[in-house]
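The values are calculated or read from the model by the stated rules, or taken from the named source; none is laboratory data. Nothing here was measured: the structure is a model prediction, and the numbers come from that model. Don't worry about glycine lacking a Cβ; one is built from the backbone with ideal geometry, like all the others, and counts go over all protein chains shown.
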Amino acid sequence: MSNERLISGDLPRKIFMERYLIKANKMAFYAVHEGVKEQLSEFFTLNMQFERMKYAIDFQTIFDDCRFDTTYQIKGSFSPIILALNKTNFLVMLSNIFSNLSYDDMKDSHYVFNYQTNV
């Protein structure tokens, strides 16, 4: 995992961005039940990058005539995830997926530019 600062534009309107890179190899899903660890998937690889604007609120205050995209930009890829599940593990996984997708954490505005207009 790494991060870097990016600077674009000319003074006085330099824009500071922060980019995070996450790379993980040999990842897998596991289930642990009563102390027994069971591997549920083959190993897979994850590569993710996201960027965000640093000091967005400060820039918006100083340059009130400009609009800044303060959302996170996420790019990622991963190798195919091959699962081998029994019925119990399958139902637990479905329940977790459903809970995560149906839960509204009220953070959509972090990921949608001009949220009030676009949603």
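What the table below lists for this structure:
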quantity: The lone exception for ARG13 - which of (1) charged (D, E, K, R); (2) modelled with pLDDT of 70 or more; (3) in contact with a helix residue (DSSP H, G or I) (Cβ under 9 Å, 6 or more places away or on another chain) it fails; calculated: (2)
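Conditions (1) free of Cβ contacts under 8 Å to residues at least 12 places away in the same chain; (2) touching a Cys at 6+ places or on another chain (Cβ under 8 Å); (3) not small (Gly, Ala, Ser), marked per residue:
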position	(1), (2), (3)
SER41	no, no, no
PHE44	no, no, yes
MET48	no, no, yes
ALA56	no, no, no
ASP64	yes, no, yes
PHE78	no, no, yes
ASN86	yes, no, yes
LEU94	yes, no, yes
ILE97	yes, no, yes
